[in-house]
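*Asks:* Please see the structure below; I have some questions.
Computed from the coordinates by the stated procedures, all read-outs in this text should not be read as laboratory data. None of the values given here were measured: they were computed from a predicted structure. Cβ placement follows ideal geometry from the backbone for every residue including glycine, while neighbour counts extend to all protein chains displayed.
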Amino acid sequence: MRAAVVGATGYVGRELLTLLARHPYARVVGLISSDLDGKGPFPIEQAHPALRGRFTVPCQPLNLEGLAGNKVLEAVAGAGVDLVFLATPHETSRDVVPILLDSGLRVIDLSGAFRLKDPAAYPRWYGFEHHASKALAQAVYGVPELAREAIAQAQLVSNPGCYATSVILALAPLLRSGWVDVSAGIISDSKSGASGAGRTPSGKLHFPEVNENCRAYGIFTHHHVPEMLQALEVGEKDFIFTPHLLPVTRGILSTVYVRLNQPRSLGQVVSLFRQFYEPSPLVRVYEGGSLPEIQAVANTQFADLGFALDEATRRLIVASALDNLGKGAAGQAVQNMNLMFGLPEESGLV
Ligand SMILES: NC(=O)c1ccc[n+]([C@@H]2O[C@H](COP(=O)([O-])OP(=O)(O)OC[C@H]3O[C@@H](n4cnc5c(N)ncnc54)[C@H](OP(=O)(O)O)[C@@H]3O)[C@@H](O)[C@H]2O)c1
């Protein structure tokens, strides 16, 4: 497969390139970044020293938002590609994806621009209008464990958010089996490393603000909320999601609280999850009692799930850990690519 990576200089772009460089069936033939500081084509190791010597094609700086349709196509698909990864800001993806789809290309978009089915939800959650309703309607929300067949057929896969992936994997088996007393409320207390915000510097991400600190942010407003509600078919009034920023570079831990609607044992909960994720090589379900942590998943493509249950009160906690740049972004995108091209979903990932 010949792939182009747009947003190659970003954190997610770096992870994609690292995974694609060692993938047995993929070749990267196009690298694109923005032209914001007026640079010319440059070797990708200037942005990512760890990629020195891995790619012969230079990175092309192009502001895709400012280009006409045919120029975008020329830039992205000039080398003749089978698949385009967009690891770009939401607005860039929103404008570029319809052009790529119209030309017949297959696309995996890692931004949030095609995750929500309802265009009217975008002004509230993303702060912009969305007019690409045709592309939105055809986008497949790409949690591979929940949508393998649709992903395999898709022209456009919208890669889920990192927090959202951790929460959806923790709740889908319970909700789909009807085990949860939803009226008792569902809470996800989630924590992420600082690479989750991308590489653009800001005051809140300055080292002294993050180091030896932990703070909540985006309460009731985080843009991953609507995709979780949509994927889990849960109402907003029944779900609280509180993200926190951790002083680590990568990794997410979501601690998810639910009340079961019937008495169950911890063994039954583990069996439910084991069965649900039996065909899923990248989800690891822990034995009763042990809980995942960030160090177990950082720099891997796995999502790990563990459980604690108070049988007397039916209070269940699901702990869900993954790497925000791995299973939360680039790893999941490559997993989706594998499904789209008929490969085992874990190719190049384990
Ligand atoms: N970080 C995560 O953990 C994570 C997880 C899941 C999903 N995501 C999503 O993935 C996307 C990328 O995230 P990131 O963390 O990698 O961000 P990032 O580090 O800020 O990188 C953004 C990339 O997009 C490029 N870009 C920006 N505007 C462009 C334009 N107009 N035309 C062409 N290229 C443009 C940038 O190029 P320059 O370097 O030249 O500016 C850079 O390569 C975002 O939509 C984010 O929400 C991120």
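*Asks:* To the nearest 10 degrees, how steep is helix 11-21 against the longest Cα principal axis of the chain, on a 0 to 90 scale?
*Replies:* Taking the Cα atoms of the chain, the angle to 11-21 is about 80 degrees.
*Asks:* Identify, among Ile186, Ile240, Ser202, the residue whose Cα sits farthest towards the positive end of the charge dipole of segment 127-257, taking +1 on the Cβ of Lys and Arg and -1 on the Cβ of Asp and Glu, with the dipole about the Cα centre.
*Replies:* Checking the options against the dipole of segment 127-257, the answer is Ser202.
*Asks:* Given that compact globular proteins tend to follow 2.2 N^0.38 Å, what is the ratio of the alpha-carbon Rg of segment 110-194 to that value?
*Replies:* Working: Rg = 14.6 Å, N = 85, 2.2 N^0.38 = 11.9 Å.
This ratio for segment 110-194 stands at 1.23.
*Asks:* To the nearest whole percent, what portion of all C-alpha pairs in the chain is separated by more than 40 angstrom? List each step's numbers first, then the result.
*Replies:* Values: 6368 of 61075 pairs.
Value for the chain (Cα pairs over 40 Å): 10 percent.
*Asks:* Which angle from 0 to 90°, rounded to the nearest 10, does the C-alpha axis of helix 266-276 make with the longest principal axis of the chain?
*Replies:* The helix 266-276 is inclined about 30 degrees to the chain.
*Asks:* Here's something else I'd like to know. Students often forget the sequence filter, so: which lysines lie under 21 Å Cα-Cα from Lys71 once same-chain residues fewer than 8 apart are removed?
*Replies:* Lys39
*Asks:* Another one. Once you list every other residue whose beta carbon is under 10 Å from the beta carbon of Asp82, what net charge do they have if Lys and Arg are +1 and Asp and Glu are -1?
*Replies:* +3
*Asks:* Then there's this: Calculated from DSSP H runs of 4 or more alone, at -39500 (n - 2.57) each and per residue, what is the 222 nm mean residue ellipticity of the chain, nearest 500?
*Replies:* -8500 deg cm²/dmol
*Asks:* Also, quick follow-up: Rank by packing, highest mean first: peptides 114-123, 341-350, 210-219, with packing defined as the count of other Cβ atoms within 10 Å averaged across residues.
*Replies:* Those peptides, ordered most packed to least, come out 114-123, 341-350, 210-219.
*Asks:* With a sphere of radius 12 Å drawn around the Cβ of Leu64, what net charge do the other residues whose Cβ falls strictly inside it have (Lys, Arg +1; Asp, Glu -1)? Could the numbers behind the result be given before it?
*Replies:* Numbers: positive: Lys71, Arg94; negative: Asp35, Glu65, Glu74, Glu91, Asp95.
So the environment of Leu64 carries a net charge of -3.
*Asks:* Can I ask one more? By how many nm would the segment from Ala308 to Asp118 grow when fully extended, if each residue of separation counts as 0.36 nm and the alpha-carbon distance is taken off?
*Replies:* 64.8 nm
*Asks:* Would you work out the charge dipole size for the chain about its Cα centre, treating the Cβ of every Lys and Arg as +1 and the Cβ of every Asp and Glu as -1, and quote it to the nearest 20 debye?
*Replies:* 280
*Asks:* Where the centroid of each part is defined by its Cα atoms, how far is segment 186-237 from segment 57-80 in Å?
*Replies:* 32
*Asks:* Cα atoms only: what Rg and Dmax, in Å, come out for segment 1-81?
*Replies:* 12.1, 35
*Asks:* Another one. Rounded if a/c is under 1.5, else prolate if a/b is larger than b/c, else oblate: which is segment 95-149, with a ≥ b ≥ c the root eigenvalues of its Cα gyration tensor?
*Replies:* Oblate, since a/c reaches 1.5 and b/c is not below a/b.
*Asks:* Let me ask something else about it. Sorted by packing (mean other beta-carbon atoms within 10 Å per residue), highest first, where do 221-227, 307-313, 332-338 land?
*Replies:* Values: 221-227: 20.0, 307-313: 14.4, 332-338: 27.3.
Most protected by this proxy first, the peptides run 332-338, 221-227, 307-313.
*Asks:* Helix 90-102 versus the longest principal axis of the chain: what angle, 0 to 90°, nearest 10, using Cα atoms?
*Replies:* Computed tilt is about 70 degrees.
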